[in-house]
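Derivation of every value follows stated rules applied to the coordinates shown; laboratory data play no part. Please read all numbers here as calculations on a predicted model, not as lab measurements. All Cβ positions, even for glycine, are placed from backbone atoms using ideal geometry, and neighbour counts span all protein chains on display.
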Amino acid sequence: MSEKGTSDPSSPSQLRRHILSQAVADNVSEKAGERVRPQPAVAAPPAGPRRDRRLLWLIPIVAVAALWPLIKGGDGGRDGAEPNSPAQELGTLRGAGEPEGSEGAGPVVATPLFDAPKPIDFSVIPLAVERIVIDPGHGGTDTGTTGGGLSEKDMTLDIGFRLRDELEEQGFEVFMTREDDSEISLRQRALQANTLRADLFVSIHINWIAQRSVRGLETYFLGGTDDPVLEALARKENRESGYSLADMKSLLEGIYTDVRQDESRQFASHVQRSLYRSLLRQNPQLRDRGVKTAPFVVLVATEMPAILAEVSCLSNEQEAKLLARPLYRQHIAEALSRGIRGYADEVHQSEAKGS
């Protein structure tokens with residue numbers, strides 16, 4: 001039976017066949033005309049210098065035939081296309097790593113056969129917002145900042161109730177870290193949110209700014225800061241955290257290892273924008289102090305997108321008077337609700353596009 005490709009005289013299999021056939025023909029011609037004799041059980045070594053010389057010149061031919069697939073870089077004697085040999089792969093790598101004509105100029109530097117893995121785009125796995133935890137800042141003996149006859153702990157609780165009502169009307173499942181004038185550590189607040197497996201965490205606070213003429217809003221998400229004012233504020237807010245130094249190490253190790261930071265930044269942007277646009281109508285001198293990062297423990301310890309919103313300034317006398325009005329506090333709650341709703345809708349739209 002003929003094999004495919006045997007017509008090619010340069011193929012390794014055809015060349016070996018030719019060499020072996022020639023060797024057999026030489027041996028046959030040597031024996032021509034002689035009488036056939038019985039062969040001994042063990043063949044005697046060939047006699048005479050002439051036969052020794054013939055065997056010597058056959059050695060390199062047989063060696064070439066055996067090594068031909070490696071020299072040729074072919075398929076090891078098999079006809080038809082097969083995957084490249086290791087020698088050919090090495091040549092491919094050299095060609096990819098060196099300019100043409102530089103063979104032998106230096107050590108071979110193999111280029112990767114595969115591209116480096118690309119980072120995951122977490123926008124392709126959006127998560128719907130259903131459960132929200134509201135955290136009214138301070139409480140109990142921890143009054144927070146005070147001014148104009150008001151205390152931060154009372155204002156944040158009132159705004160928290162109003163925000164809960166707004167969100168529940170929109171179909172969200174809402175929980176509060178405190179519903180009365182009780183003192184709860186930051187550790188307990190974060191633990192509540194994590195245990196409830198909340199989708200969002202909103203901590204409500206009232207600001208105090210040294211420049212008392214300023215009426216400002218600002219919203220924080222988790223991150224470091226070089227601002228000494230913000231560092232002092234974080235120390236103040238973290239004072240009764242309930243965490244030890246050993247606890248803080250494990251908390252801080254996880255700050256930048258997941259997607260929470262970027263999600264929290266987007267969440268904070270929605271809330272800050274809504275607060276400023278909504279409250280500017282009732283408070284024309286209001287300043288947008290922007291979205292900022294700070295290492296508040298309540299943001300470090302929570303496991304979901306989380307923000308801390310400074311929704312007013314008790315250090316400013318006029319703003320303290322506005323904050324004393326229930327209607328203004330209602331405006332704050334509605335503005336927070338719109339910001340949360342805006343972020344939730346953005347997440348929902350991303351989910352719809354990816355489905």
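Using mean Cβ contacts within 10 Å as the protection proxy, how do 210-218, 136-144, 271-279 order, highest first? All intermediate terms of the calculation are to be shown ahead of the outcome.
Values: 210-218: 16.7, 136-144: 19.3, 271-279: 21.1.
The most tightly packed comes first, giving 271-279, 136-144, 210-218.
Please list, by residue number, everything in the stretch 266-292 whose backbone N is under 15 Å from a paramagnetic label point 7 Å out along Cα→Cβ of residue 330.
282
Quick one: net charge of residue 192's neighbours, Cβ under 15 Å, K/R +1, D/E -1? Provide the component values of the computation, followed by the final result.
Working: positive: 131, 164, 178, 187, 189, 197; negative: 135, 173, 179, 180, 183, 199, 303.
That works out to -1.
What distance in nm lies between label points placed 7 Å from Cα along the C-beta direction at residue 346 and residue 188?
3.4
Considering the convex hull of the alpha carbon atoms of the stretch 291-337, report its projected area averaged over all viewing directions, in nm², one decimal.
Working: hull surface 17.4 nm².
Answer in nm², one decimal: 4.3.
Counting Lys and Arg as +1 and Asp and Glu as -1, what is the net charge of the other residues whose Cβ lies under 13 Å from the Cβ of residue 331?
Working: positive: 162, 277, 281, 325, 329, 338; negative: 158, 166, 319, 334.
Net local charge, residue 331 excluded: +2.
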